[in-house]
């Protein structure tokens, strides 16, 4: 059979694809470098007596785990959830409520955190994923606000004031709440989440999500039901975000309804966009920048959100793939 | 002779518009059956109902004797149906290879492997190369982005993807739309090779190609079947000349 297609301008086309591949490789290399830097951070900072900043970095890493789970939904699935912080709260409250009943067994707590978040993701996802675009945003927001107001109403668990957690999680003889070890546990979880994402986006599951984002009709036409795969992604993302809530509860010994308000959800979206949608390093870069701006500008002016807003606008206008996109030179 | 596709009294309304009127068809296995008709005759509407993207208001669609009227699109694909679209429907920001592999995964039945890398899977890559070779495209096209392909290449890729699942019934919605004359002839040759191997329902405006390829034709006018027959019968049918060929040719 003759080759019916003339290979018009093929070299130039291949290049655009190659640029993208190189950017993805740099993103992965950058992930390893960043993780190594994060591993050295506590040692360096404590040598200079700057333990406060170690806590900021720790907070950023926890936030990055939550943001990474949202990045998975937005970047691969095109599913912009404005209720993702609900899972942070579910993780935090599952831990805090069990501790309130004097159950500080970390295995039981973790099972409750993952079980509750999986169930919530499954039930809300089954409804929300029937919708598209703006409707999906609104439904995820509505579900999150339901949980938010439920926790405000539950006076026995602190209501509006939040719940103080008196016992941190015990894994056998290992106390997760200890600051020096918690840092490395969080770093390990972050590493698994980042590298897991790098792997997943190249798997057939990742390919299906990307294809469904790009052209749902095509995916159905070859014989896949996109809904099932999106639901699986939604549950995985929800459980991962709840894990961040579990870690945060051990870090702060405190959980408030505010952790699951729509404002927190919007902040997670900020972090994903500032860092770079669909990148491996985006969530941690975005979270670090977010907290640094909060700490530094927050010390200078109470209107730091204004400056953060300007910064976000600049990123969206001038760096469509976020900070990581600027550094790796990739395009979406 | 057993039927690959049977349509019974299909009706579709869009508000006041009766887009499909009591359409009945019987396509035996292995036939290349063309559906022709002037613009607005409801050809694409008919295909979309056969494939499940639109639900008919009444009537039945049977594939291999099985009633699929109420099955969703992805299940019909699983039963051996495939379609190409009038307006190219590919994932534009993925590569040619990834678009083909998507269809290969569907044939396997699932895309539930979180860990194995698709781009390092030699088996899938080879199969994707073979799928391109079937439509005369070189495997070197695999890493190219679909959005970088020419229109003609995209039309061919759609056909390649439709063929991946070895469909027993393939619905082609104007595969030659927008093609140059040379590309059209290449597409005609490819479709000719399908004859006898699989059942094809072809909607096409290129009359030269249709009359060359089709075993039988159904003529649709304003949602209604006005004639069914071999190319010769259709050419000489007075009603068809009046309703269709007269105004078009």
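Only the coordinates and a few stated rules stand behind these numbers; no lab work does. Model, not experiment: these values are computed from the prediction. FYI the Cβ positions are ideal-geometry reconstructions off the backbone, even for glycines, and counts take in every protein chain you see.
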ask   = In nm, to one decimal, how far is the modelled label at residue B:197 from the one at residue B:87, with both set 7 Å along Cα→Cβ?
value = 3.1
Pair residue A:171, residue A:217: separation of 7 Å Cα→Cβ label points (nm) = 4.9
key: chain B - Rg and Dmax from Cα coordinates, angstrom   = 18.4, 62
ask   = Can you pull the mean other chain C-beta count within 10 Å for peptide A:195-207?
value = 5
key: Cα-based Rg / Dmax (Å) for the protein assembly as shown   = 28.5, 96
key: Of every Cα-Cα pair in region A:188-264, the percent that sits beyond 16 Å   = 62
Helix-derived mean residue ellipticity, 222 nm - over chain B, DSSP H n ≥ 4, -39500 (n - 2.57), to 500 = -9500 deg cm²/dmol
ask   = By per-residue mean of other Cβ atoms within 10 Å, what is the highest-first order of B:200-210, A:148-158?
value = B:200-210, A:148-158
ask   = For residue A:181 and residue A:156, FRET efficiency with R0 = 30 Å and r from the beta-carbon atoms, rounded to 0.05?
value = 0.45
inquiry  = If each residue of separation counts as 0.36 nm, what is the full-extension length gain between residue A:320 and residue A:292 once their alpha-carbon separation is subtracted?
reply    = 7.9 nm
ask   = For residue A:138 and residue A:303 in one chain, what is 0.36 nm times their gap in residues minus the Cα-Cα distance, to one decimal in nm?
value = 56.6 nm
key: Cut-off 16 Å, label 7 Å out along Cα→Cβ of residue A:44, residues of region A:270-298 by amide N   = A:285, A:288-289, A:292
message = Give me the extension gain from residue B:189 to residue B:24: residue separation times 0.36 nm, minus the current Cα-Cα distance, reported in nm with one decimal.
response = 56.5 nm
query = Taking the convex hull of the alpha carbon atoms in chain A, what volume per residue do you get, in Å³?
reply = 160
key: Proportion of all alpha-carbon pairs of region A:214-308 beyond 19 Å (%)   = 60
ask   = Please state the relative contact order of chain A as a whole percent: Cα pairs under 8 Å, 6+ residues apart?
value = 32
query = For peptide B:88-95, how many partner chain Cβ atoms fall within 10 Å of a residue's Cβ, on average?
reply = 5
note = Mean separation of Cα contacts under 8 Å (at least 6 apart) over the residue count of region A:138-277, i.e. the relative contact order in percent, is 40
ask   = So if we plug the beta-carbon distance of residue A:122 and residue B:235 into 1/(1 + (r/R0)^6) with R0 = 45 Å, what FRET efficiency do we get, rounded to 0.05?
value = 0.15
note = Between the modelled labels at residue B:138 and residue A:192 (7 Å from Cα along Cα→Cβ) the distance in nm is 4.7
query = Mean separation of Cα pairs under 8 Å and 6+ residues apart, divided by the residue count of region B:119-230: what relative contact order is that in percent?
reply = 19
